[in-house]
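Take a look at the structure set out below.
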Amino acid sequence: MRRSADELAKMRRAGRVVAEMHEKTRAAARPGVTTRQIDAVARDVLERRGATSNFLGYHGFPAVICTSPNDMIVHGIPGDYRLEDGDILSVDCGAIIEGYHGDAAYTMAVGDVSAEARRLIEVTERSLWAGIEQLKVGNRLHEVGRAVQSVAEDAGFSVVREYVGHAIGTAMHEQPQVPNYWPGTPGPTLKAGMVFAVEPMVNAGGPETRQLDDGWSVVTADGRLSAHFEHTIAVTDAGPEVFTVP
Ligand code: MG
Ligand code: MG
C-alpha cells in the first residue's frame with residue numbers, strides 16, 4: 001500500500017510521539033525501577049501528545065509498551081519486575097495520531113552489563129540500520145531480511161524466525177510481513193510511499209523461541225540473551241525516511 005503525502009505527514013507525527021516515548025522510558029529505566037513504572041512514563045507521553053495507544057487492548061494486551069528483560073525476546077507485559085544492575089531491557093512502544101500508527105523498539109543496558117550483552121545490543125541495532133538501508137525504490141523487500149541476517153550471523157548471533165516486521169499505516173500490523181532473514185524469495189518491489197516497521201530480534205544463542213504461560217512473553221528457548229530494535233520507515237524517492245527518531 002502506498003501512502004499519500006497527507007498520510008505520511010500523520011505517520012511522521014505518530015513517529016515523533018514514539019521517539020519521545022523512547023527518550024523518556026530510556027531515562028526512567030534504572031536499577032530498582034519496575035517495568036510498570038516505565039509503562040506509566042510512556043502513558044504520560046501519549047496523554048501529553050494527544051496520541052492513543054495501539055498496544056493497549058491489542059488482543060487484550062494490558063499496557064502501552066512491551067518490556068522484555070534479558071532472555072525475553074518480545075511482548076513482555078509491564079508489571080512487578082524490578083530492574084537490576086546488569087540487566088538488558090527491550091522496550092517496544094507505539095502510538096496512533098489521527099488514525100495513523102508508529103511502532104519502534106530499542107534494547108538498553110541497565111547499569112553495568114556483560115561484554116556479550118553490550119555486543120548483542122550493538123550488533124542488533126546495526127542489523128536494523130543495515131535493513132533500513134535496503135528500503136529503496138525499486139529494491140525488493142526481502143533484501144531487508146538478507147541484510148539483517150548477514151550482520152547478525154557474521155557476529156555469531158542468530159535471528160528469530162517466528163516474529164517478523166510488517167507494513168504499517170492505518171493498522172499497526174499490515175501486510176506484507178518483513179522477515180529478518182532471507183526467506184528464499186525476493187518479495188515485493190518497493191515503491192515510494194510504502195511504510196514498514198523493520199524489527200530484528202537477535203539472540204545470543206540459538207534462534208528458537210518459547211512462549212510463557214501468560215500468553216504473551218516470548219523468551220529464548222536456550223535461556224540466553226535477546227535484543228530487539230525497530231523503526232517505522234517510509235520508502236521515498238530520496239531514500240528511506242525514518243519516522244521514529246526525534
Ligand atoms: Mg514494535
Ligand atoms: Mg512492530
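The values are calculated or read from the model by the stated rules, or taken from the named source; none is laboratory data. Note that the coordinates shown come from a computational prediction; the quantities given were computed from them, not determined experimentally. Quick reminder, even Gly has a Cβ in these numbers, built from the backbone with ideal geometry, and neighbours come from all protein chains shown. Only protein heavy atoms, including side chains, enter the accessible area calculation; ligands, DNA and RNA are left aside. Shrake-Rupley method; radii C 1.70, N 1.55, O 1.52, S 1.80 Å.
The requirement of being part of a strand (DSSP E or B) and surrounded by 18 or more Cβ atoms within 10 Å (Cβ to Cβ) is fulfilled somewhere in the stretch 184-195, by at least one residue.
Residues in the stretch 163-183 that are within 14 Å of ligand 1 (Cβ to nearest atom), assigned to a loop (DSSP other than H, G, I, E, B) and touching a Gly at 6+ places or on another chain (Cβ under 7 Å): Met172, Asn180.
How many of the residues making up the stretch 81-95 are more than 16 Å from ligand 2 (Cβ to nearest atom) and not in a loop (DSSP other than H, G, I, E, B)? Write out each step before concluding.
First, the residues of the stretch 81-95 that are more than 16 Å from ligand 2 (Cβ to nearest atom): 81-89.
Okay, now just the ones that are also not in a loop (DSSP other than H, G, I, E, B), so 82, 88-89.
Total meeting the criteria: 3.
Against the numbered list (1) surrounded by fewer than 22 Cβ atoms within 10 Å (Cβ to Cβ); (2) over 20 Å from Tyr163 (Cα atoms); (3) of a type in the set (A, V, I, L, M, F, W, C), Ile77 comes up short only at (2). When the stretch 80-97 is limited to residues that are over 16 Å from Asn203 (Cα atoms), among the hydrophobic types (A, V, I, L, M, F, W, C) and away from ligand 1 (no atom under 12 Å from the Cβ), the one that is most open to solvent (accessible area, probe 1.4 Å) turns out to be Ile96. Would you be able to say whether some residue in the stretch 138-158 is part of a loop (DSSP other than H, G, I, E, B) and among the charged types (D, E, K, R)? No, the conditions are met nowhere in the stretch 138-158. Every condition in (1) of a type in the set (Val, Ile, Thr); (2) open to solvent by less than 40 Å² (accessible area, probe 1.4 Å); (3) away from ligand 1 (no atom under 16 Å from the Cβ); (4) in contact with a His (Cβ under 8 Å, 6 or more places away or on another chain) is met by Thr124 except one, and the failing one is (3).
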